[in-house]
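One structure is given here, and the rest of the page talks about it.
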Amino acid sequence: MLNEPLLHNFSSFLILEQGLSEETKDAYLRDLRSFAEWLGKDLTATDTDDLRAYLHSIQGLSPHTIARRFSALRSFFRFLLSRDEIAADPTRSLQTPKIPKHLPVVLTVSEVEKIIGMAEGASPLRMRDRAMLEMLYGCGLRISELIRIRLSDLNLDEGFLRVLGKGDKERLIPIGTRARSAIELWLKEGRSKIVKSASPHLFLNFRGKPLSRMGAWKIIRGYIRKAGIRKRVTPHTFRHTFATHLLEGGANLRAVQMMLGHADIATTQIYLHLDRETLREVHRLYHPRG
């Protein structure tokens, strides 16, 4: 049994949080519907034995298809767990064939410049949009992290942004000079013309309300199209590009992973030796907009 509103939210999660393409998202939703039909009960009641039985029932399919179906289910149950819809992830102890990995799409520096250049303008919304684009690329943020930024998360004097990422893990990210200038312009000349009442959020829509993930992505996608970029760009593309450009410039891998918030506990313990000055220097030296 499928809860359609929950399925709709999961669809948005796949695009905005996991950075999947429309094609992969659609395949995952088909896989989920197929499993729900096989299961014949509420998906939130699924246990590990159900999943083992299901995987056994589709053994005639190719390893790639089995892996993709399991990946769809794993993503769904992690989504449910993150929203407290279930108490435990039933896929956690299961192993399946790995999905072939593909290198993520990465923009060139000139492509990034072209996209951000499309947001040039003196209107409040253009100031907001440029600041959003500069932060996506300059800070390597997830789009969900971008729209959650509060004014209190910014320390423009020191050039740092406090981000609450996945699993409520807090990290500090240096804000480059280009991003800082765009934020300051938005705060000084743009935001006050949009905000209707006191709001703690940095980025607002034209009604003065916090931006939604879909709303923010619609804005960003518009500039990508205006720039004539033909690559398949997802919300995560700017994040991939941020990391790739830093590493291509010679940045320390550990510092980059710390800025992305991608470390496990053991790795994070190593990263703790990197202080704020080290992170700021890495960002300033190696990021094109540092």
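The single condition among (1) assigned to a helix (DSSP H, G or I); (2) at pLDDT 90 or above; (3) over 30 Å from residue 228 (Cβ atoms) that residue 87 does not meet is (1). Count of the range 185-221 residues, restricted to those that are in a helix (DSSP H, G or I) and within 18 Å of the chain's Cα centre (by Cα), is 9. Looking only at the range 45-60, residues that are in contact with a helix residue (DSSP H, G or I) (Cβ under 8 Å, 6 or more places away or on another chain) and over 10 Å from residue 90 (Cα atoms) come to 5 in all.
Against the criterion of being modelled with pLDDT under 85, in a loop (DSSP other than H, G, I, E, B), on the phi < 0 side of the Ramachandran plot and surrounded by 13 or more Cβ atoms within 10 Å (Cβ to Cβ), residue 274 qualifies.
Filtered by the rule that a residue be touching a helix residue (DSSP H, G or I) at 6+ places or on another chain (Cβ under 9 Å) and in contact (Cβ under 8 Å) with a residue 12 or more places away in the chain, the range 188-207 gives 189, 190, 191, 193, 194, 200, 201, 202, 203, 204, 206. Whether any residue in the range 72-82 is of a type outside the set (A, V, I, L, M, F, W, C), in contact with a helix residue (DSSP H, G or I) (Cβ under 6 Å, 6 or more places away or on another chain) and surrounded by 14 or more Cβ atoms within 10 Å (Cβ to Cβ) is what I want to check. No, because not a single residue in the range 72-82 is of a type outside the set (A, V, I, L, M, F, W, C), in contact with a helix residue (DSSP H, G or I) (Cβ under 6 Å, 6 or more places away or on another chain) and surrounded by 14 or more Cβ atoms within 10 Å (Cβ to Cβ). Please go through the range 192-203 and give me each residue that is at pLDDT below 95 and either surrounded by 19 or more Cβ atoms within 10 Å (Cβ to Cβ) or small (Gly, Ala, Ser) (or both), ordered by number. 192, 194, 197, 198, 199 - these are the residues of the range 192-203 that are at pLDDT below 95 and either surrounded by 19 or more Cβ atoms within 10 Å (Cβ to Cβ) or small (Gly, Ala, Ser) (or both). Filtered by the rule that a residue be exposed (fewer than 12 other Cβ atoms within 10 Å of the Cβ), without any contact (Cβ under 8 Å) to a residue 40 or more places away in the chain and over 31 Å from the mean Cα position of the chain (by Cα), the range 32-52 gives 40, 49. Between 69, 130, 126, 148, the distinction of being modelled with pLDDT of 90 or more and not assigned by TED's automatic domain parsing to the domain that holds residue 220 belongs to 69 only. Applying the condition of being part of a strand (DSSP E or B) and not aliphatic (A, V, I, L, M) to the range 170-184 and asking which residue is surrounded by the fewest Cβ atoms within 10 Å (Cβ to Cβ) yields 170.
Of the residues in the range 105-122, how many are more than 10 Å from residue 224 (Cα to Cα) and in a helix (DSSP H, G or I)? Matching residues across the range 105-122 total 4. Residues of the range 223-242 that are out of contact with any Gly (no Cβ under 6 Å at 6 or more places or on another chain) and assigned to a helix (DSSP H, G or I): 223, 224, 225, 226, 237, 238, 240, 241.
The values are calculated or read from the model by the stated rules, or taken from the named source; none is laboratory data. This is a predicted model, so every value here is computed, not measured. Neighbour counts are summed over all protein chains in view; Cβ atoms, including those assigned to glycine, are modelled from backbone coordinates with ideal geometry.
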